Amino acid sequence: MGIWLTLLFGIVPLLGWLLRWWNEFWYVFPLRKQCSSAGTNLPPGHMGIPFFGELFTFLWYFMVVRHPDDFINSKRRKYGDGVGMYRTYLFGSPTIIACFPSINQFVFNSSDLFVGEWPTAEPVLGRNALVVAQGKAHARLKSHVINAINRPDALRRIALLVQPRVRAALQSWAQNGKINAHDETKKLTFENIVKLFVSYEPGPLLDTISQLFVGILQGVRSKPPTTAYQHAVQCRKDIEEIFRVELEKRKNQNRTETMDDLMDRMMQTEDDEGNNLLDEEMLDNIINLMVAGYESTALSSMWAIYYLAKFPNVLKKLREENMAISQNKKGDFITSEDVSKMKYTSKVCMHQFYEKTHTSCFFFSGKDDAWILLAGYKIPKGWKVILWLRYLHTNPENFEDPMCFNPDRWNESPKPGTYRVFGGGPRICAGNMLARLQISILLHHLAVGYNFWHGDISKSLWWSPEFMKPIAGRLIGAKDE
């Protein structure tokens, strides 16, 4: 009996105490002397339990409570606002979480101090992908990508290419009468994005590519050696082989016969020294851009349809603007120049990107050769830095009633550094104009040609650090106007 009491009241509490403070002893205490001698300190926080850190707390707020912003709110309540930085241990590394605009701005624009990264991205997306490349290599690759997809002539071509499939999809939705907006917007977005990059039409090959991309998306943020991660790596290899065959075919054909899609444009772009992209660079970035643009654009489109059906006053304003554009057109299609004139439509898109921020956080590492002094705190060399962008958009200190669907909030410019839906600095999303254009075109044709309303609505949401998804989708009724 005495032994059991000793275990119960002595050893068990001691083990619990050790578990709670082990990471603090291991990662923080050795650094305190260096900080105190310099008159600085580490940001406040707690490193969690061995090996896992605060991962279970993180998953609790995302997956169980389904209020991910409370992960940061709990730290603010416990440690105060300070400068908006907190230490923790997440995803296998000691980490600083930053959630205030000024800190995020500094990190985004300090590529000499911080290295942008995404955990486990290289084997899945390729070592030449924009999300992986660093320094001069990143700048060179990004200039090629921007020339291929963001120049005015490229946006004009994209606007014309996506509209036939948008109109056909909307007609099909109206004929069906009721659709699952989540599934249908994903299908439409994927067909268009493959058409834009490699000119593939619907068929068995497109179905195969679709399944491979599903495999990549399910595993791109998993940790090795999980099954999902290994499957994503294999799916990436299979897609690369399909695109490599297409690339070789184009290189060997008469170059007067071009497809004029984004693969062709990336083959033709040159940097300042007249050099083209290497095959590996081209393939890695086609896959990277398709992964980045597929699900994020589809989810923004789905949520836009949902909110427009829910808020008829917003739909009315959107319809009035788009009807005015349509009445001045001779044909059925609008141009990228027309889209630039659609100011209220732009506000609806801005709100979708803002409220359903697709990349909730950006990952950086402090360079290994130096400590970094930031806002009076020391960031130890080699520690990770997570910029918690979603918190900028859900913080009522930055936006009044932030979770309310209100496109008119963009009548005034947001506070500096608070609107970060596409990142910032050299790491700003290269495909942001492409995403805006695709969603604006969908909303245009939807508003001028169709009535739509809610059907059965699932209230369940599934959260991850990147996306907010409905578990059962959104059932939307549609008919020709």
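The values are calculated or read from the model by the stated rules, or taken from the named source; none is laboratory data. Worth saying up front: this structure is predicted, and the values here are computed from it rather than measured. Glycine gets a Cβ as well: all are built from the backbone with ideal geometry, and neighbour counts include every protein chain shown. For the accessible areas, the whole protein counts, side chains as well, though only heavy atoms, and no ligand, DNA or RNA atoms are used. Shrake-Rupley method; radii C 1.70, N 1.55, O 1.52, S 1.80 Å.
Is there a residue being in contact with a Ser or Thr (Cβ under 6 Å, 6 or more places away or on another chain) and surrounded by fewer than 17 Cβ atoms within 10 Å (Cβ to Cβ) anywhere in segment 156-175? There is at least one residue in segment 156-175 that is in contact with a Ser or Thr (Cβ under 6 Å, 6 or more places away or on another chain) and surrounded by fewer than 17 Cβ atoms within 10 Å (Cβ to Cβ).
Checking each residue in segment 263-284 for being exposed (fewer than 14 other Cβ atoms within 10 Å of the Cβ) and either of a type in the set (Val, Ile, Thr) or at pLDDT 90 or above (or both) picks out Leu278, Glu280. A Cβ distance below 8 Å, combined with a sequence gap of six or more or placement on separate chains, defines the contacts here; from segment 208-230, residues that are over 15 Å from Gly293 (Cα atoms) reach residues that are among the aromatic types (Phe, Trp, Tyr) and not in a loop (DSSP other than H, G, I, E, B) in the pairs Gly219/Tyr229; Ser222/Tyr229; Lys223/Tyr229. The requirement of being closer than 21 Å to Arg236 by Cβ and in the same structural domain as Gly423 (by TED's automatic domain parsing) is not satisfied by Leu155. Pairs meeting the criteria (first residue in segment 240-251 and free of Cβ contacts under 8 Å to residues at least 24 places away in the same chain, second residue part of a helix (DSSP H, G or I) and surrounded by 14 or more Cβ atoms within 10 Å (Cβ to Cβ), beta carbons under 8 Å, at least 6 apart or on different chains) are Arg250/Met263; Arg250/Asp264; Arg250/Met267; Lys251/Met267.
Quick grid of which residues meet (1) more than 30 Å from Ile96 (Cα to Cα); (2) over 21 Å from the mean Cα position of the chain (by Cα); (3) among the polar types (S, T, N, Q):
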residue: Glu337; (1), (2), (3): yes, yes, no
residue: Thr394; (1), (2), (3): no, no, yes
residue: Ser413; (1), (2), (3): no, yes, yes
residue: Tyr419; (1), (2), (3): no, no, no
residue: Gly424; (1), (2), (3): no, no, no
residue: Leu434; (1), (2), (3): yes, no, no
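Looking across segment 325-338 at every residue that is part of a helix (DSSP H, G or I) and open to solvent by 50 Å² or more (accessible area, probe 1.4 Å), the one that is nearest to Gly449 (Cα to Cα) is identified as Gln327. Determine whether Gly376 is touching a Ser or Thr at 6+ places or on another chain (Cβ under 8 Å) and open to solvent by 20 Å² or more (accessible area, probe 1.4 Å). Yes; evaluated as a whole, the condition is true for this residue. If the condition is being in a loop (DSSP other than H, G, I, E, B) and open to solvent by 40 Å² or more (accessible area, probe 1.4 Å), then segment 241-262 contributes Gln253, Asn254, Arg255, Thr256, Glu257, Thr258, Met259, Asp260. Once segment 402-443 is narrowed to residues that are assigned to a loop (DSSP other than H, G, I, E, B) and charged (D, E, K, R), the residue that is farthest from Glu337 (Cα to Cα) is Lys415. Residue pairs whose Cβ atoms lie under 8 Å apart, separated by 6 or more positions or on different chains, with the first residue in segment 303-322 and closer than 16 Å to Ile439 by Cα and the second open to solvent by less than 40 Å² (accessible area, probe 1.4 Å) and small (Gly, Ala, Ser), are Ile305/Ala181; Tyr306/Ala181; Leu308/Ala447; Leu315/Ala309; Leu315/Ala447; Leu318/Ala447; Arg319/Ala447; Asn322/Ala447. Take Thr57 and tell me if it is β-branched (Val, Ile, Thr) and modelled with pLDDT under 85. So Thr57 does not fit the description; no.
Checking Ser301 against (1) crowded, with 21+ Cβ neighbours inside 10 Å; (2) at pLDDT below 90; (3) under 21 Å from the mean Cα position of the chain (by Cα), which single condition isn't satisfied? Of the numbered conditions (1) crowded, with 21+ Cβ neighbours inside 10 Å; (2) at pLDDT below 90; (3) under 21 Å from the mean Cα position of the chain (by Cα), the odd one out for Ser301 is (2). Is it the case that segment 288-296 has a residue that's crowded, with 21+ Cβ neighbours inside 10 Å, of a type in the set (Phe, Trp, Tyr), assigned by TED's automatic domain parsing to the domain that holds Ile441 and in contact with a strand residue (DSSP E or B) (Cβ under 9 Å, 6 or more places away or on another chain)? No; the residues of segment 288-296 include none that is crowded, with 21+ Cβ neighbours inside 10 Å, of a type in the set (Phe, Trp, Tyr), assigned by TED's automatic domain parsing to the domain that holds Ile441 and in contact with a strand residue (DSSP E or B) (Cβ under 9 Å, 6 or more places away or on another chain).
Restricting attention to segment 117-131, does a residue exist that is part of a loop (DSSP other than H, G, I, E, B), polar (S, T, N, Q) and crowded, with 18+ Cβ neighbours inside 10 Å? So far as segment 117-131 goes, yes, one or more of its residues are part of a loop (DSSP other than H, G, I, E, B), polar (S, T, N, Q) and crowded, with 18+ Cβ neighbours inside 10 Å. Criterion applied to Gln105, Gln134 was being touching a strand residue (DSSP E or B) at 6+ places or on another chain (Cβ under 8 Å) and open to solvent by 60 Å² or more (accessible area, probe 1.4 Å), and the one residue passing it is Gln134. Scanning segment 211-240 for residues that are touching a helix residue (DSSP H, G or I) at 6+ places or on another chain (Cβ under 6 Å) and not in a helix (DSSP H, G or I), we see that the one that is least open to solvent (accessible area, probe 1.4 Å) is Val220. Before we move on, is Gly382 on the phi > 0 side of the Ramachandran plot, more than 16 Å from the chain's Cα centre (by Cα) and at pLDDT 90 or above? No.
Can you find a residue in segment 347-364 that is free of Cβ contacts under 8 Å to residues at least 40 places away in the same chain, in a loop (DSSP other than H, G, I, E, B) and of a type outside the set (Lys, Arg)? Within segment 347-364, not a single residue is free of Cβ contacts under 8 Å to residues at least 40 places away in the same chain, in a loop (DSSP other than H, G, I, E, B) and of a type outside the set (Lys, Arg).
Number of residues in segment 385-410 that are open to solvent by 60 Å² or more (accessible area, probe 1.4 Å) and either out of contact with any Lys or Arg (no Cβ under 8 Å at 6 or more places or on another chain) or touching a residue at least 12 places away in the same chain (Cβ under 8 Å) (or both): the value is 4. In segment 181-206, the residue that is farthest from Leu437 (Cα to Cα) out of those that are of a type in the set (Gly, Ala, Ser) and assigned to a loop (DSSP other than H, G, I, E, B) is Gly203.
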